[in-house]
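Report on one structure; see the data block that follows.
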Amino acid sequence: MTFRILLAVPALVALCPATQADESVVRGPLTAVDAAARTVTVRPATGAAVTLAVGTGARVEVGGKPAGLDQLKKGQRVRATYVPRDGRNEVVALRPAVATDEQLGREIRQALAAAKSYTFAQKDKYAAELRDAADDVDDRIDQLEAEAKDAGAEAKAKVQARIADLRKRRGVITDRLSKVQSATGDAWEDVKAGAGAALSDLEKALNELGKN
C-alpha cells in the first residue's frame, strides 16, 4: 500500500490498540521534526504529545517509497507505530496518514490487487494487507472526527453517519483478518474470497461517495 512508514498526515491523532504485543500506534499532526536528532513529535487527539526516536532501522515512507526525515513537515498528519525501549519510544514504522476518501480508495484497490494471487503459503502477507487496510480506515475515521468538531449541526450529522459506516466496515475487515489468520489450507480460497469481498464492498462505497 502507499505511505508505509507510520507517520500520519496533518490533524488529529489517537493512541490506538497495539498492533503487536508491545507495539502502540499514534496518529496526529507532527509538532516537531528534528532530522539531526532523528526525533519527531506527534500530537494525538487526546493526551500529551508523543516524542519518537527514529532509528536507522525504522520504516519511514512517503508515497509508498522509503523517505528521510527531511521529507516530513511540521503540521503533517501521520501514523506511527512504535515500541518503548531503553527509556524512549522507538519508531517501527512511520507514514503519512490517509486523510481523504480518494486516498483510502487507492489503498484499498492496491490491497485488493495484491491479494488476488495470494496462496495459502502467503497467508501472513494477506493478513498484513488486511491489517494495513484496517489501519487506513482508522486514519480516515480520525480525519473525519477532526472535521466533525468544527462542523455545523447538519454537516456534523452527515460526518458522524460516515464515521459509523466506516467503523462497521472496519469491523468486518477485522473479522475477516481473524479468519485469515486461523485459516487452514482446505478453507483458504473461501476465506480469501470473504476477505476480498469486505475490501471490495468498502471500495464500492468509496466510489459511490466520489460520484456524489
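Some observations on this one:
- Set side by side, the residues 142, 132, 138 differ, and just one is touching a Cys at 6+ places or on another chain (Cβ under 7 Å) and either in contact (Cβ under 8 Å) with a residue 12 or more places away in the chain or at positive phi (or both), which is 138.
- Any chance residue 121 is assigned to a helix (DSSP H, G or I), without any contact (Cβ under 8 Å) to a residue 24 or more places away in the chain, within 17 Å of residue 203 (Cα to Cα) and open to solvent by 30 Å² or more (accessible area, probe 1.4 Å): no
- One residue from 146, 127 being open to solvent by less than 40 Å² (accessible area, probe 1.4 Å) and either assigned to a strand (DSSP E or B) or farther than 25 Å from residue 30 by Cα (or both): 127
- When residues of the range 167-196 are limited to those that are open to solvent by 20 Å² or more (accessible area, probe 1.4 Å) and of a type in the set (Gly, Ala, Ser), the one farthest from residue 116 (Cα to Cα): 171
- Conditions (1) open to solvent by 60 Å² or more (accessible area, probe 1.4 Å); (2) farther than 22 Å from residue 77 by Cα; number of the one not met by residue 102: (2)
- The number of residues in the range 86-96 being open to solvent by 30 Å² or more (accessible area, probe 1.4 Å) and either under 14 Å from the mean Cα position of the chain (by Cα) or not charged (D, E, K, R) (or both) comes to 3.
- Condition met for residue 27 (in contact with a Pro (Cβ under 7 Å, 6 or more places away or on another chain), closer than 28 Å to residue 198 by Cβ, in a strand (DSSP E or B) and not hydrophobic (A, V, I, L, M, F, W, C)): yes
- The condition (being modelled with pLDDT of 90 or more and either within 11 Å of the chain's Cα centre (by Cα) or under 14 Å from residue 27 (Cβ atoms) (or both)) is satisfied by just one residue among 80, 161: 80.
- All of 133, 146, 183, 127 fail the test of being within 17 Å of the chain's Cα centre (by Cα), over 19 Å from residue 104 (Cβ atoms) and of a type in the set (Gly, Ala, Ser), apart from 127.
- Screening the range 46-85 for residues that are crowded, with 20+ Cβ neighbours inside 10 Å and basic (Lys, Arg) and picking the one that is farthest from residue 132 (Cα to Cα) gives 77.
- Residue that is surrounded by the fewest Cβ atoms within 10 Å (Cβ to Cβ), among those in the range 150-166 that are free of Cβ contacts under 8 Å to residues at least 12 places away in the same chain and basic (Lys, Arg): 158
- Picking from residues in the range 133-143 that are modelled with pLDDT of 90 or more and of a type in the set (Asp, Glu), the one that is nearest to residue 27 (Cα to Cα) is 139.
The values are calculated or read from the model by the stated rules, or taken from the named source; none is laboratory data. Quick caveat: nothing in here was measured; it's all calculated off a predicted structure. We place every Cβ from the backbone using ideal geometry, glycine too, and count neighbours over all the protein chains shown. Note: areas computed on protein heavy atoms with side chains; ligands, DNA, RNA excluded. Shrake-Rupley method; radii C 1.70, N 1.55, O 1.52, S 1.80 Å.
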